[in-house]
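Working notes for the structure below.
The values are calculated or read from the model by the stated rules, or taken from the named source; none is laboratory data. None of these values were measured; they are calculated from a predicted model. Note: ideal-geometry Cβ built from the backbone for every residue, glycine included; neighbour counts use all protein chains shown.
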Amino acid sequence: MEERIIHFFTGSGGTYGSPRITLDLWAEGWQVSVNTVAEIMAELGLQGEARLKIATWITGFYNPRRRHSAAGGLPPEEFERTITEARKKSDQRCKAA
């Protein structure tokens with residue numbers, strides 16, 4: 001089965017994950033679960049490139065200092081810090097009451 005998993009993975013250009021490869025195996029008559037395919041893929045060091053490409057795109061594209069109009073013109077990190085502080089103050093008021 002490992003040969004078939006490698007075949008489907010390389011045939012997809014490294015983009016298929018365990019759910020899609022499981023479907024391909026089922027089409028060939030294999031009786032196997034998605035989790036088993038995922039375990040075998042992990043042992044073989046196979047991971048769908050889509051996940052890697054998305055993570056790379058986000059880290060390359062995302063600018064944590066860029067201002068956002070939806071956040072009142074604040075950069076995301078500063079907006080999140082403001083929200084976290086406001087929540088802490090609110091929690092403290094609720095506990096004091």
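So that you can scan it fast, the table gives a plain yes or no per residue for (1) touching a helix residue (DSSP H, G or I) at 6+ places or on another chain (Cβ under 7 Å); (2) at pLDDT 90 or above; (3) surrounded by 15 or more Cβ atoms within 10 Å (Cβ to Cβ); (4) not in a helix (DSSP H, G or I):
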position: LEU25; (1), (2), (3), (4): yes, yes, yes, no
position: GLU43; (1), (2), (3), (4): no, yes, no, no
position: LEU52; (1), (2), (3), (4): no, no, no, no
position: GLY60; (1), (2), (3), (4): no, no, no, no
position: ARG65; (1), (2), (3), (4): no, no, no, yes
position: GLU77; (1), (2), (3), (4): no, no, no, no
position: GLU85; (1), (2), (3), (4): no, yes, no, no
Only one of (1) modelled with pLDDT under 75; (2) not assigned by TED's automatic domain parsing to the domain that holds SER18 does not apply to GLY48, and that is (2)
Condition check for GLN92: more than 21 Å from the chain's Cα centre (by Cα) and either at pLDDT 90 or above or not in a helix (DSSP H, G or I) (or both): no
